[in-house]
Amino acid sequence: MGGATSTRIGGLCGLVAAVVVIPAYLVGTPESPRTPVEATRYYDSGSWFVTANGVLPLLHILFGLLFLGVLVAVLRAASGPAGAVYVALAGGALYLGLGAAGFAAEVAVPATLLRFGDVTVTGFSQPLLTLSVWLYHYSQVGAAAMIFASSVVIWRTGVLPKWTAAGAVLGVLPLLHTWAGLSAAVGSLIWIAGIGLVLLAVAPRTALAGSVVA
């Protein structure tokens, strides 16, 4: 597969990864419930909650991994085995891995209710929601590392238009996730979608030596 085509596919994957997770954010944030009653009400949407926070995020992780693979290949083709490239890879893997764990923790109770109809599991909703919150906090640290490291490589090499390096500003938001929550998480999605658009638009320029991705 040609480098330009592969890069465009990676860009498209970034856009899809950012879009398919939006329903999970529309459902709400696990930080919202403050009492046992609120925690139970958080799951009121039942099957829709499982779809939005369980099924669709599977696509977010899948397309996110494809996007990350292409992005790292593009950065490495431009800079060689530089440390920043591996920081971007590790940060992206941490973001997606812990994010997947957070989705799993958040959807565990409603998925159990739908499958077994056992209302006694609602007593586990509070610790699982709290666990998911902290998994999301740590995942956003990975997102920040991915954004900062990618921006450094882009600025140094010009593999993508240098103005895209200004996206490093969005890397600050994930670091504020402990306090800003949902708003900070959206910042990561905006960066992924933005880089995805750039990869789609300037794929021939990034297809170094005719092939970025073998």
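The values are calculated or read from the model by the stated rules, or taken from the named source; none is laboratory data. Here the structure is a predicted model, which means the values were calculated and not measured. Ideal geometry is used to build each Cβ from the backbone, glycine not excepted, and the neighbour counts take in all protein chains shown. For accessibility, only protein heavy atoms count, side chains too; no ligands or nucleic acids. Shrake-Rupley method; radii C 1.70, N 1.55, O 1.52, S 1.80 Å.
Tabulated values for the structure
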read-out: Percent carbon-and-sulfur accessible area, the stretch 78-146, ignoring ligands, DNA and RNA, probe 1.4 Å; value: 74 percent
read-out: Computed Kirkwood radius, in angstrom, where 1/r is averaged over Cα pairs of the stretch 1-139; value: 16.3 Å
read-out: Residues LEU59 and VAL121, FRET efficiency given R0 of 25 Å [Cβ-Cβ distance, rounded to 0.05]; value: 0.45
read-out: Full-extension gain in nm, TRP48 to ILE22, via 0.36 nm per residue minus C-alpha separation; value: 8.0 nm
read-out: Probe 1.4 Å, protein heavy atoms only - accessible area per residue of the stretch 67-119 in square angstrom; value: 40 Å²
read-out: Kirkwood Rh in Å, taken over all unlike Cα pairs in the stretch 101-186; value: 14.8 Å
read-out: Longest to shortest principal axis, alpha-carbon extents of the stretch 22-101, angstrom; value: 53, 22, 16
read-out: Simple label model, 7 Å out from Cα along Cβ direction - THR5 to TRP134, nm; value: 4.8 nm
read-out: Neighbourhood net charge (13 Å Cβ-Cβ; Lys/Arg +1, Asp/Glu -1) for GLU38; value: 0
read-out: Pair THR40, THR178: separation of 7 Å Cα→Cβ label points (nm); value: 3.3 nm
read-out: Computed [θ] at 222 nm, deg cm²/dmol, the chain (DSSP H ≥ 4; -39,500 (n - 2.57); rounded to nearest 500); value: -24000 deg cm²/dmol
